[in-house]
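Worksheet for the structure shown next.
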Amino acid sequence: MICLLALSYMLLLSVPPPWNEEWSMEDAFERLSDFLACPKSIAIKVLQNENMCGFVFGKILQWNGSTSYDLEEICVSSDLQKKGVGKKLMGRLEEVLVEKGVSKIHLITQRDSVPSSFYSSLGFSAIQNLVIMGKNID
């Protein structure tokens, strides 16, 4: 089962801009294994003709008296983008999360990009007092 998911993940995320990602089967398998090992992970898929054509996944977190969801990945097959599939996927995710008592969704995406415009159209906004930081250590 996870091999099939990893293959779908690899194929759906090896896409043109904005991400330009090329996933190996091994990397996709490891990413999904890590995700599925999280006890509060939630994933939703979209099927078309019994083939996965989109998915969303992340995990529920407790933080300072509230419950939030960290959206880790969302992907829709390029031929189905801008046709409402992502919007329906996110709508279903919100329904599931409300049922589980989740009050917020957090995500990270590129500024001023197609994905950020998509999230804005769904009511997401930048959190002004936060910044994402990183450091290379190799």
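Among the listed residues LEU93, LEU89, LEU71, LEU97, identify the single one that is surrounded by 17 or more Cβ atoms within 10 Å (Cβ to Cβ), under 14 Å from LEU47 (Cα atoms) and at pLDDT 90 or above. It would help to see each step written out before you state the result.
Values: LEU93 fails: under 14 Å from LEU47 (Cα atoms); LEU71 fails: under 14 Å from LEU47 (Cα atoms); LEU97 fails: under 14 Å from LEU47 (Cα atoms).
So the residue among LEU93, LEU89, LEU71, LEU97 that is surrounded by 17 or more Cβ atoms within 10 Å (Cβ to Cβ), under 14 Å from LEU47 (Cα atoms) and at pLDDT 90 or above is LEU89.
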Within the stretch 54-98, the residues that are of a type in the set (Ser, Thr, Tyr) and either without any contact (Cβ under 8 Å) to a residue 60 or more places away in the chain or in contact with a Lys or Arg (Cβ under 6 Å, 6 or more places away or on another chain) (or both) are SER66, THR67, SER68, TYR69
Any residue at all in the stretch 83-94 that's over 28 Å from VAL131 (Cβ atoms) and of a type in the set (Asp, Glu)? no
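Looking only at the stretch 1-58, filter to residues that are in a helix (DSSP H, G or I), in contact with a Leu (Cβ under 8 Å, 6 or more places away or on another chain) and among the small types (Gly, Ala, Ser); which one of those is modelled with the lowest pLDDT? Let's see the steps before the verdict.
So the first thing to find is which residues in the stretch 1-58 are in a helix (DSSP H, G or I), and the list is 2-13, 25-37.
Okay, now just the ones that are also in contact with a Leu (Cβ under 8 Å, 6 or more places away or on another chain), so 2, 5-6, 9, 25, 28, 32.
With the extra rule that they be among the small types (Gly, Ala, Ser), the set shrinks to 6, 28.
Numbers: ALA6: 49, ALA28: 76.
The residue in question is ALA6.
Could you look through the stretch 105-119, keep only residues that are among the aliphatic types (A, V, I, L, M) and either part of a strand (DSSP E or B) or under 11 Å from the mean Cα position of the chain (by Cα) (or both), and pick out the one that is surrounded by the most Cβ atoms within 10 Å (Cβ to Cβ)? Before the answer, list the steps.
Taking the stretch 105-119 and keeping what is among the aliphatic types (A, V, I, L, M), we get 105, 107-108, 114.
From what is left, the residues that are either part of a strand (DSSP E or B) or under 11 Å from the mean Cα position of the chain (by Cα) (or both) are 105, 107-108.
Values: ILE105: 18, LEU107: 15, ILE108: 9.
Residue satisfying both the conditions and the ranking: ILE105.
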If I filter the stretch 114-132 for residues that are free of Cβ contacts under 8 Å to residues at least 24 places away in the same chain and aromatic (Phe, Trp, Tyr), do I get at least one hit? yes
Mind checking which pairs have a first residue in the stretch 29-52 that is surrounded by 14 or more Cβ atoms within 10 Å (Cβ to Cβ) and a second that is charged (D, E, K, R) and in a helix (DSSP H, G or I), Cβ under 9 Å, 6 or more apart or different chains? ILE44/ARG92; VAL46/LYS88; VAL46/ARG92
Restricting the search to the stretch 77-104, which residues are in a helix (DSSP H, G or I) and among the hydrophobic types (A, V, I, L, M, F, W, C)? LEU80, VAL85, LEU89, MET90, LEU93, VAL96, LEU97, VAL98
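The values are calculated or read from the model by the stated rules, or taken from the named source; none is laboratory data. The structure displayed is predicted, hence computed values, not measured ones. Every residue, glycine as well, gets a Cβ built from its backbone with ideal geometry; the counts of neighbours run over all protein chains shown.
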